[in-house]
Every structure is written in C-alpha cells, then in structure tokens.
C-alpha cells in the first residue's frame, strides 16, 4: 500500500493534524505511522489569554503538548524582588514540557497562554509508546531544550568541517600523530603497578594487551579516579578486572578526522592504533589531535608577527580565514573565534606599524588606538578600520608640529592596512585624520566636548569612540585618558540618559507578533544581523558599562563585569551573553559560507534560508535583546 | 472509538452486515445536571445536496467529540454516504464530493445506524444547528424510522453570547474562525468544518466556565436567556 492511499483512508482531521506536525521538528523526521499515532491519540485544548496551562503545583506532568496556535510563555519568580518574569516562549509547532515529562516530575516553570492558544496534547501512555518506537522523537525529547543550542553548534561545526578541505591537517593519516611504543601491560598486573608505570612515563593511559599484542582493554586516569571514588576495589586488584574492555581501535591509515569524530561521538579521549593484524602499534589522544590547531594559531601569529614584507602579510590573510574555519570546526564558540580574529588582526596591525617605523620612524612616542568593533575585540572577517593616535608631545615641540610628523606616517599605515584587508573607513575615522591624531590633553578636551554637548552626531560617534583600546605603544596614556572619560560619564546623568535613549532606538527585529521585522535598507526579506541583531546588545551594554565604571570594551566581558558588580542579575547576564554569542555565531557562519561561494561579505541574511531551529534560536535571541532594552528603559525611565 | 469505526469500516469492506441492535438504539440525553466539563458533546457538520430539507439530502457526515474541555481526536466520525441516485450537480463545487465518491461511500442505513450508536444520545452542537437538525432528523426518520429528539445546541448562537462586541465582520463560521485566527484544513469538508466548529466551542466553554456555568442545564439556560434578550431587542 502506498503512502498516499494509506493517507486517504485516514479521516480528514487526522490528515490535517499530520500535515501540521510534519512542518515542525521533530515530527518532520518521524515516520508517517508514528505521526498518525500521535494525531489519532491527540486532544486539542484551548487556553484563553492568561490561562495557566501547566503549573508546578499540578504534580508530575502527565501530558506532552505541541502548540497548534498561539503562544505559551514560561514564568519564573525572580529571587531578588519576587516579581514574575518571562523565561521562555513556546510558539507554534514547538513542544513542551520535555525535562519534566522525562524526569516524571512537576514542571518547575509556570506555563501560561499568551493570547488565545490551542495545544495538541497526548497522554503519558501515548508519549511513552512514541518515545520507545520513534528514534527521532526519542532523540529530540532526550536532548531537551538545551540540545537546541547543541544542534546549532553541531551544524556550525559540520559546515565548517566540510569546508576545511585538504589543506587541513585533520585528513593526514593517523600514524603521523600516534605515539609509537605506547605504554602497555598484561591483564594480571595490579592497578598500583600499572599506575606507577603510567606515572614514570607521564602518560594518562595504559593499554592492556594479550600475548599476541592485541589490545584487550584500556585504563586511564579517569578510570582510576572512578575506581577510587566509587571504592570499586583495592589498588592491588588485577588491572584486567577494572579496565575498559574492547578499546576503540583504528588502523594507522585511518585519518585524524575519523579519529576526532569517533572521539567526539563516544567521548573517548584515547584511541588505539593497530596494524592489519590488530596488533597494537600506537596510541592517539584527544590532546594530540587538537593541539595541532593551537600550533596552527601560534604559528600563524608568529609568522604574521615576524613577516618582513607587506606582501607576506597580505598573503597571510587567507590563512586567517582558514583558521577561523578550523576553529569553528572544533567547536570553538563565537566569542573565542572573534577574539582570535581580533588577536590576529592586532598582530597584523602591530607588524604593519613596526615595518613602517623601521622604514621611516617619525620619532614620536605614540599609542595606536582602535575604536568600535576592533576596540571591543569583536571583529569578524568583515571589518573596516577605525583607528586613531594618542601621542606624547616631546619637549620643545607644539602639538601641531608633532601632528605634521605623524600624519604622513599614519596615512601610509592606513593604506597598507587596507591592502591587508582592513577596508578604509568611509567616515574617515582613521589615524591619518588630523582630528583623530591628538595628544593626551587634546583627547581629553575632545571627550569633554563630546560628553557635554550631546549632539545627535556625537551620539552616533559614541558607538565608536566609547569602545576604545590600545593596540600598539605604551598603555599608560590611554589608561589615564580612559579614567578621566569614565569619571566624566559617571557624573553626567544627562549624557547617560541620552546614550540610553539612543541605545533603544534600534529595536530588535521582531514584530509584535514575534515575526521577524526585515531590515529597511537591505535586500527584500533580509535581516541585518549586525545592526538589527548585535547592535541592540552592544549599545545597551555600553551604557551600563560606562555608567558603572567598567573599563573594558568587549561586550561579553562588559556583561560579565556588570554581573559581578551586581548591576545585572547573573541569570540575565548569562542569557544575554548566550543570545549575543548565538547571533554572532550565525553571522560568522554566514560569512564563511559567503567566502566559500566567493560572494562579497555582508551582514544581511534571509531568515527563510535558515532551518526552523536556527530561526527559532534567532527569534529567542532577539527577544533577549528586547528584555535588555526594557532594563535600560526602566533604569533610565525612558 | 476510532478503532471501532475502523473495525466497522473493515467489516463493511468485507461485505458483512452491520450487526446493529435496532431495538436498542441509544436514547437522547437532556441538558440536565451533568457537568459541562465531564459530559461528552458531539460537534457535527453535514454536507448536503442543497439547502432545502424538504427535497435535499445528506451526503456526508463529519463529527468530533468534546470531553473534559478538549477535542478527543480518537473519538471522531467522518463518512461519505453511498447515494449514487442523488443529484449533486448544484453543490458539487462547494463540498467537492462528486458522483464517483457517492458510489463508493458507505451504505446510508448502516452509516446512520452507526452514527446513532456513536453519538450515544449525547447533545449535538452545530453551527446554525437548525439546518443540520432538520436534515439529520429527516434522514433518521426516513431511513430508520427513528424519531427520538436529540438535544441540539447552536454554536452560532453561543459565540456572540459569550464573546459579545467581537468585531467579526459577520455571523458566519468563516467570520468567527478568522476572529480566532483558526485555520480550516478543508472548508466545506464536513469533518473539517465540524473540527473548526468544535474549536470555537472550546473557546465558548472556556469563557462559560469563567462566568460560573457548571452544568449543561446552566449552559442551555444561559443560551435561552440570551435568545430572549435578543428577541426583546428586536421587538424594542
């Protein structure tokens, strides 16, 4: 019987519910028979706006729900003041509750209907039946809500894995990484002696082999820890009784990628390398594989830092992009990756400056400043120059005379940086601009005017100049300047309020109905992940940071500091850091994909190109931005 | 209950007769003290060959059941009747049931017997229920000689009673479905229309319970009261 004829034998309403379910995860991956089972055993329930759907007082959860229409919001009482706040939102096609149902306990969060809402629910027995028979359904339920993040990360990683290509070290044969002559012993050796042998050789594992040198088991320091902690036996137990049997083995011609995937999949830290007769010839550990990537980073930074010609620096930019791919492939989070890009960018900027000083030293002590995203250490591959000079005026010279010496130098540096891929700043926020090549005193005056006269133009500039950092030269002059600027802002409530007002003008791209609001300027139906997605976080966090004397410019670090200072609730700070990082991750993956296609980099994406999961995460992240802006509105009574 | 229908369909396909107990058909229940949240309510929609009960006939029956304030999808009814003799030319474009479907449908007598058993005498709700009531009562009387009156409740009357001043832009099922943002999977398919009617009924029951309506009698009385009010307004 074909699927369609089977389908037409089902009642219309069953078919309609199956069609609805099929549009959403995990149902989209489930067999028709299981979908039909769901549809035929479901109940449709109605909840008016504000009705309680599930409450912690209801006892262990008995039903599994899918939102058919409307929304459910989770409510939690805040520890601080007992006020309730929304912790999550569940919209059409999404399921709840997972953790409580699997854990057979009451829900910890009050679930309330937001707007008139219909849910399709199944009773516990139907849930158990589907859970036991449908793999996609079980996987989805077990991984729970937190797995959404895993799934996004996984997708980012697999995407990056695919683009690594042959240039990467991970497809070289395993034998090159394997430690020859691994530490081995026979199964009758007491644990105490085996551990002593590991200690002597400073290794974390020992392979237990039989008399044909076939690996029969493995024992690691982790096993030792478990053995001691759980009192599994005395230390003179023969190791054969406590080892992990049948250790994971690969042949020497398998590649490192295979080994890495095997380790990631099974959470093994060690893999035995064997020959064709299954005899042990070596051992490879997680650390052996992944240290390669660190070497790459360190090597690359060193190569950039010692390059003797501009053209070498220009050619190394490609390696930076490749490294980013590799980092993403190894599950580095977007915060780490942007920091690495910034680190490498800093090294490049420094090297360009050093090469120019060698060639043509202006003879003036100066600090090279960077502003904006570079100042915040939040650069991605798409970046333009925002820089300036803070100089010390040598005795007997006027500031104007110093400037005349420094400006031609700065101009060359700006141009050479452009050749390295740092686009020239359209707004001329560059060190070669006489207005941004200033002494400490001049900068202080400049900031004083900037803060006192809060013109609209100044507010636009605030996102650039109030996020600054020294990349080259002595740090002290900048620290002294920053100190004065922060004090000035802390004392100026009006400026703070204007900054806050400015920070909430850019709303996260969600409509009242939780749909995406498209960018007004980009291509049709696109979102600007930078201006609409990240900027609301960056700008709101900046206001709190400046008002509370947080000196760092990095948004994630600012949030961290604000949590430590008690300005942000820790849970809120975590949620905002996570949301910000996820938008950044989606943006970076889009950049890598554009690079692969040879398209110019842009921050616009069409949310329809994302899978439903990413769309949902993006929506939730934008909602967190709305919450952050609400906090700003309350704090500054906007 | 769905399993029963499946069994019954299988038996019909296999050619055996219905095996209905004609002497003991269910007796309709009245709107008494049964709690609104506990009793079973039938929400029904018919597709017919036309609008005139005197000459037109039922060709499809779709129904769902509400119990414990929820639509129980394991308890539904969705059948096209076998009536090859009927002229459906006037309405085929509305319900999409063509002559071919009517020859393959279920034998009328058997289907109606099964409907009676499935409904089990429970109160029947429908949108503009007078229409469905006339058609169904005529069909039951002509085909089975069954004349016991069911309790009928009109969903079209409940909605403005419990959601007064709603800007629906009209009194039709589509207007109310739009107002609640409901999607009808297949308009003018009896079962899909019954489903959306039932969804609207859930919204009504939710509101009624918040207004202190507990028993089916209360519920029915409120509707009567509303009808009187409306008549007074009309006369005044």
With the condition kept exactly as written, say whether any residue in segment A:491-499 is more than 27 Å from the chain's Cα centre (by Cα) and assigned to a loop (DSSP other than H, G, I, E, B).
yes
If we scan segment A:25-36, do we find a residue that is within 12 Å of chain B (Cβ to nearest Cβ) and touching a helix residue (DSSP H, G or I) at 6+ places or on another chain (Cβ under 9 Å)?
yes
Going through segment A:37-52 in order, the residues found to be more than 7 Å from every other protein chain (Cβ to nearest Cβ), surrounded by 21 or more Cβ atoms within 10 Å (Cβ to Cβ) and closer than 19 Å to residue A:21 by Cβ are A:38
Extreme residue, farthest from the other protein chains (Cβ to nearest Cβ), among residues of segment B:207-222 that are in contact (Cβ under 8 Å) with a residue 12 or more places away in the chain, part of a helix (DSSP H, G or I) and surrounded by fewer than 19 Cβ atoms within 10 Å (Cβ to Cβ)
B:217
Please enumerate the residues belonging to segment B:38-70 that are surrounded by fewer than 14 Cβ atoms within 10 Å (Cβ to Cβ) and touching a strand residue (DSSP E or B) at 6+ places or on another chain (Cβ under 9 Å).
B:38, B:68
Say whether the condition of being over 25 Å from residue A:311 (Cβ atoms) and in contact (Cβ under 8 Å) with a residue 60 or more places away in the chain is met by at least one residue in segment A:412-420.
no
Of all the residues that make up segment A:524-549, how many are in contact with a strand residue (DSSP E or B) (Cβ under 9 Å, 6 or more places away or on another chain) and either assigned by TED's automatic domain parsing to the domain that holds residue A:373 or outside any helix (DSSP H, G or I) (or both)?
4
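Rundown of residues vs (1) surrounded by fewer than 22 Cβ atoms within 10 Å (Cβ to Cβ); (2) over 20 Å from residue A:529 (Cα atoms), yes/no style:
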residue	(1), (2)
A:360	yes, yes
A:372	no, no
A:384	yes, no
A:389	no, yes
A:393	yes, yes
A:396	yes, yes
A:405	yes, yes
A:409	no, yes
A:412	yes, yes
Select, from A:451, A:429, the only residue that is surrounded by 18 or more Cβ atoms within 10 Å (Cβ to Cβ), without any contact (Cβ under 8 Å) to a residue 60 or more places away in the chain and in a loop (DSSP other than H, G, I, E, B).
A:429
Within segment B:161-204, residues being away from chain A (no Cβ under 13 Å) and either in contact (Cβ under 8 Å) with a residue 40 or more places away in the chain or in contact with a strand residue (DSSP E or B) (Cβ under 8 Å, 6 or more places away or on another chain) (or both) number 2
Test: residue B:102 is facing another protein chain (nearest Cβ under 10 Å) and either modelled with pLDDT under 90 or not in a strand (DSSP E or B) (or both):
no
Of (1) surrounded by fewer than 15 Cβ atoms within 10 Å (Cβ to Cβ); (2) touching a residue at least 24 places away in the same chain (Cβ under 8 Å); (3) not in a loop (DSSP other than H, G, I, E, B), residue A:571 satisfies all except one. Which?
(2)
Only one of (1) loosely packed, with under 14 Cβ neighbours inside 10 Å; (2) in contact with a strand residue (DSSP E or B) (Cβ under 7 Å, 6 or more places away or on another chain); (3) in contact (Cβ under 8 Å) with a residue 60 or more places away in the chain does not apply to residue A:89, and that is (1)
Within the group A:619, A:558, which residue is in contact with a helix residue (DSSP H, G or I) (Cβ under 9 Å, 6 or more places away or on another chain) and without any contact (Cβ under 8 Å) to a residue 24 or more places away in the chain?
A:558
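The values are calculated or read from the model by the stated rules, or taken from the named source; none is laboratory data. Remember, it's a predicted structure, so these values are computed and weren't measured experimentally. Heads up, the Cβs are rebuilt from the backbone with ideal geometry, glycines too, and the neighbour counts pull from every protein chain shown.
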